[in-house]
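Colleague: Here it is: the structure, laid out below.
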Amino acid sequence: MNLHFTELLGWVAAGLVLLSFSLKTMVALRVAAICSNVVFFGYGLMADLLPVWTLHGLLLPLNLWRLHQLRNLLGQVRRVSGGRFSLDMLLPYMSVQTLPAGHQIFSEGDPVAHVYLILEGRVLIERVQVELGQGQLLGEMGVFTQAQQRTAGARCITDVRIGSLTASKFWEVFYQDPAFGTFVMQTIVDRNARQRAPEAPPPTQPAPLAT
């Protein structure tokens, strides 16, 4: 009976491994892998298979840690979607400077060398006459253009304290931090939508009542 149960345990563990390879989402895959590690660990102990239970004894904490990282990452992406993403994580990579009112940060057609984070003050995007303020990215659209050129100029409306991030470091953070990448994509889409939105027509005056 004990041998039969041990063999059954081995087949269940094998089935869980097969299931993990068929799943399409990473969270479900990690959960299935963790379950297979637990069952294989028990199978290895009962069948006295030292390599099996040693291997899955090592894989179990690894898969638990990866699941924890994945859940944290999903939480970050959800916070981005809810508008609660902080760009403070960019500050260690930035050089910070103060620019006077009227200073031209960059002009339309300039090559893209930096992406900026406004720390204090107001900046005008000239071509579309849009104002940006504290905590907003500046100049990120040009990084995604094929020509790597500025799509509009930017000028300080007030004295501005601004952090600058090189384009190469921007790409590095973009690819390494999906939450940041999600935030950047949302920012670009939102700004494009606002710029392309047609102006509301003036309200029509009601026709005078017949007397």
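No value in this document is a laboratory result; all are computed from the given coordinates. Keep in mind it's a predicted model, so treat the numbers as computed, not measured. Cβ coordinates were reconstructed from backbone atoms using ideal geometry, including for glycine residues, and neighbour counts include every protein chain displayed.
Colleague: Which ranges mark the strands (runs of 3 or more DSSP E) fully within region 107-184 that have 1 or more residues being of a type in the set (Val, Ile, Thr) and within 17 Å of the chain's Cα centre (by Cα)? If you could, list the steps in order and put the result at the bottom.
Modeller: Details: elements: 114-120, 123-125, 130-132, 154-156, 160-166.
Of the strands (runs of 3 or more DSSP E) lying wholly inside region 107-184, those with at least 1 residues that are of a type in the set (Val, Ile, Thr) and within 17 Å of the chain's Cα centre (by Cα) span 114-120.
Colleague: Which pairs turn up if I take residues in region 118-132 that are surrounded by 14 or more Cβ atoms within 10 Å (Cβ to Cβ) and look for partners that are assigned to a loop (DSSP other than H, G, I, E, B) and of a type outside the set (Gly, Ala, Ser) with beta carbon separation below 6 Å, at least 6 apart in sequence or on another chain?
Modeller: That search, which allows pairs on different chains as well, returns Ile118/Gln134; Ile118/Gln136; Gly121/Thr158; Gly121/Asp159; Arg122/Ile157; Arg122/Thr158; Leu124/Ile157.
Colleague: Tell me which residues, restricted to region 148-191, are without any contact (Cβ under 8 Å) to a residue 40 or more places away in the chain and out of contact with any Pro (no Cβ under 9 Å at 6 or more places or on another chain).
Modeller: Restricting attention to region 148-191, the residues satisfying the condition of being without any contact (Cβ under 8 Å) to a residue 40 or more places away in the chain are 148, 168, 171-172, 174-176, 181, 185, 189-190.
Correct list: Ser168, Trp171, Glu172, Phe174, Tyr175, Gln176, Gly181, Met185, Val189, Asp190.
Colleague: Taking into account only those residues within region 8-27 that are exposed (fewer than 13 other Cβ atoms within 10 Å of the Cβ) and not basic (Lys, Arg), which is nearest to Arg71 (Cα to Cα)?
Modeller: Just the residues of region 8-27 that are exposed (fewer than 13 other Cβ atoms within 10 Å of the Cβ), to begin with: 8, 11, 18, 21-22, 24-25, 27.
Okay, now just the ones that are also not basic (Lys, Arg), so 8, 11, 18, 21-22, 25, 27.
Numbers: Leu8: 32, Trp11: 29, Leu18: 23, Phe21: 20, Ser22: 20, Thr25: 12, Val27: 8 Å.
Looking at the filtered set, the residue picked out is Val27.
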